[in-house]
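Here, each number is a calculation from the coordinates, and none is a lab measurement. This structure is a prediction, so every number in the text was calculated from the model and none was measured. Neighbour counts are summed over all protein chains in view; Cβ atoms, including those assigned to glycine, are modelled from backbone coordinates with ideal geometry.
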Amino acid sequence: MNQRDLAGSLFFLALASIVLVLSVLQGIGTLGHPGAWFVPSVTCVLMIFFALAGLVSAVRGRSGAACVAEAWRPVRWRKNAAVLAALAVYVALLPYAGFLAATFLLMSVLFRLNALTVKAALLAACLSSGLAYGLFYLLLKTPLPRGIWGF
Amino acid sequence: MDALTGLLYGLSVACDASNLLLLLGGCLLGTLVGVLPGLGPVGAISILLPLTFQLPPAGAIIMLAGIYNGAMYGGSTTSILINVPGEAASVVTCLDGYRMAKKGRAGQALGIAVFGSFIAGTLGLVGLQLVAGPLSTLALKFGPPEYFAVIFLGFAFIVYLAQRSMIKAVLMTLSGVLLSLIGLDPITAEQRMTFGALHLFEGLNVVPLAIGLFGLAEVFGNLEKTASAKILRVKIRNLFPSRRQWLAAKWAIVRGSVIGFFLGILPGGGPVLSTFIAYGVEKRLSRHPETFGQGAIEGVAAPEAANNAAASTSFIPLLTLGIPPNVVLAVLFGAFLIHGVTPGPLLMTQHPEIFWGVIASMYLGNVILLILNLPFIPLWVQVLRIPDRILYPLIILFCLVGAYSINNSVFDIGVMVLFGVIGYFLKKFDYEAAPLILGFVLGPMFEVNLRRSLLMSQGSFGIFLERPIALIAFAVCAILILLPVVKIIRTGRGGRSPR
């Protein structure tokens, strides 16, 4: 049994089933007058069919093939989790802190996570956020979020 | 406008000082991003797209085409020098390119890659120039059934030519279609899968999706690795191939160009697949197949020629039918729309400056890349030496600004981060992201043309069999679907790609 393929197929099966139920509840119309949920429901039916085919293929797969935990074994997933958390905080902070301040904070964290010393991380963050602000806001006139401080 | 007049007109557009500068900048930036391992043409175009927002449409598209060509050229440098492909189409170049570099022939490998790319790219453009006009005229006769059939054929090719499992490719394509349906229904304006969120009323944008799946996911994938690639410390010399090397590589370049030309047009084919086939053909035809994988110059020339020819001809379906054949062109399709230009059969008449300007700029781009790449190779080698701990935070920064700039919306950054995580998991579970993006871009066209066809025929699927073009497209689909089934029955293999 290929656990990775099994998990993937189950995910798509669940997703397609939920959207299919949603589509049918909203009304799919008729073949002559297909409604707004016609194509989503057709897509979901096909997804369910192929997810089931994937399930069968995964169950019949050779034993000892890819297991779910195997994919994470040799990796430093904590670093990715920390980067993801930093990005989530950045998205929440950006409208209030503005581009310059929020990006400086994010870049400081990212450089620090990537093994730069605190001083080097702060310097690199200052340079990168400043250059990005200069290039996109001042030069290319991209309306970056200004935040409560106005920059 | 005939092909020659069109090209001359396009040259007058492309040779405008500002457009020429944009092309030059696009080629340089594209090569720079293409050189960075992991970030290929999709990432390059997505991340650098905001740079074009203030530009007129023609200049913007010319710059983006330059970025695409530059990224295709740049990808080979990392393959040859660090055995890590800069983009998927350069994977095969690693096999012999890196071996050549290890034997002290890095200059020859880089040189033949650049010259082979130039020759093939130019041949591809000649084909694009000749075919695009007549195909645009033919496409004007297309109605919803023809468009639906051609898009369906595109899906069939995407799945048939998938790099890994066909079942997974189907699931990814369908997921892309489903994601594209989020938002207001194009015919009845009914809300679908928006959950009342205003940001979702207009649906998701392809650019944050692509940046997430191909930019951020790549960074996540690299951050968790414990070792980084080592650059060979070799002297780059003899970039100009000798007469003996030309003789060895000339037919590989010609054959690679022909393979790339045809596979570039096919949806789902494109540069990546053409490199594998060109390499396989060269190895099979070679008198010394044992030298392949040991540093054979044909093993570099053929795939590099194939991917650049395919990169040129993949513009044919985009510019004439409005159907992007691969994931890079799907992102470029999004870029066209952002600049208020709809690719398709009317592009040639409504925006001749863009249609012919892009083709002419690609000719010029090839020359610029040939002239610039050879002296700049030492600089690209230095770029490769930027430590990962500096590089990855900077890529994340560009991803953030790229996603935000599309609609000046923090919501798009959230979408990009979400799809970065999804892309990371897709890799872990061995799913390809490219079919998802293609399904996403083709999804709305697929839906509208299917529903219009059914409305026209009052619910009869017979309409697809009454039209010759639709009938031919579905016949080819049937063959593509039956071929793997026959193969599975014969070999007993389940669900794997026929290669």
*Contact order relative to length of chain B, as percent, for alpha carbon pairs under 8 angstrom and 6 or more apart*: 28
*Rounded to whole Å and sorted largest first, what semi-axes of the equivalent ellipsoid does the C-alpha gyration tensor of chain A yield via the square root of 5 times each eigenvalue?*
44, 28, 11
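Whole number please: convex hull volume per residue of the Cα set in the stretch B:39-178, in Å³?
Looking at the stretch B:39-178, the number lands at 164 Å³ per residue.
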_Over the Cα atoms of the stretch A:77-139, what radius of gyration and what Dmax do you get, in Å?_
11.9, 37
*Kirkwood hydrodynamic radius for the stretch B:51-98: how many Å is it when counted over pairs of different Cα atoms?*
11.7
*For the stretch B:114-129, Karplus couplings with θ = phi - 60° (6.51, -1.76, 1.60), whole Hz, Gly/Pro x*: 5, 5, x, 4, 5, 5, 5, x, 5, 4, x, 5, 4, x, 4, 5
*Which angle from 0 to 90°, rounded to the nearest 10, does the C-alpha axis of helix B:144-160 make with the longest principal axis of chain B?*
40
*For the pair B:Thr137 and A:Phe49, what calculated FRET efficiency results from E = 1/(1 + (r/R0)^6), where r is the Cβ-Cβ distance and R0 = 35 Å, to the nearest 0.05?*
0.35
_Sequence-distant residues sharing a close amide H with B:Arg192 (under 5 Å, placed H)_ = B:Gly183, B:Leu184, B:Asp185
*Over the protein assembly as shown, what lengths in whole Å, largest first, do the semi-axes of the equivalent ellipsoid take, defined as the square roots of 5 times the eigenvalues of the alpha-carbon gyration tensor?*
34, 31, 27
*Virtual spin-label span in nm between B:Phe53 and B:Val485, 7 Å along Cα→Cβ*: 4.9
*J(HN,Hα) series, the stretch B:460-476, from Karplus relation 6.51 cos²θ - 1.76 cosθ + 1.60, nearest Hz, glycine and proline x*: 9, 6, x, 4, 6, 9, 7, 9, x, 5, 5, 4, 4, 4, 5, 5, 5
*Using modelled amide H (1.01 Å from N, peptide plane; none on Pro or chain starts), what sits under 5 Å from the amide H of A:Gly29, excluding residues fewer than 5 places away?*
A:Gly35
*Which of B:Glu224, B:Glu218 comes first, and how do the rest follow, when ranked by fewest Cβ neighbours within 10 Å?*
B:Glu224, B:Glu218
*So for the pair A:Leu123, B:Glu190, with labels modelled 7 Å out along Cα→Cβ, what separation do we get in nm?*
6.2
_If I model a spin label at B:Lys250 and A:Val89 as a point 7 Å from the Cα along the Cα→Cβ vector, what separation in nanometres do I get?_
6.3
*Amide H of B:Phe142: which non-local residues (sequence gap of 5 or more, or other chain) have their own amide H closer than 5 Å, using H built in the peptide plane?*
none
*Mind listing the phi-derived Karplus ³J(HN,Hα) values for the stretch A:127-133, rounded to whole Hz, using 6.51, -1.76 and 1.60 with θ = phi - 60°, and x for any glycine or proline?*
5, 5, 5, x, 5, 4, 5
*Using alpha carbons only, how many degrees (0 to 90, rounded to 10) separate the axis of helix B:352-384 from the longest principal axis of chain B?*
40
_the stretch B:10-112: equivalent-ellipsoid semi-axes (sqrt of 5 x gyration tensor eigenvalues, Cα, Å)_ = 30, 14, 8
*What share of Cα pairs, in percent, lie more than 42 angstrom apart in chain B?*
13
_Debye log10 I(q)/I(0) for the stretch B:280-392, one point scatterer per Cα, at q = 0.15, 0.17, 0.20 Å⁻¹_ = -0.93, -1.01, -1.08
*Please give the calculated 222 nm ellipticity per residue for chain B, where each DSSP H segment of at least 4 residues contributes -39500 (n - 2.57) and the sum is spread over every residue; nearest 500 deg cm²/dmol?*
-24000 deg cm²/dmol
*asked:* Give me the three principal axis extents of the stretch B:26-66 from the C-alpha atoms, as integers in angstrom, largest value leading.
replied: 31, 15, 11
*Would you please name the trypsin sites (Lys or Arg not before Pro) within the stretch B:78-151 that are DSSP coil residues with at most 16 other C-beta atoms within 10 Å of their C-beta?*
B:Lys103, B:Lys141
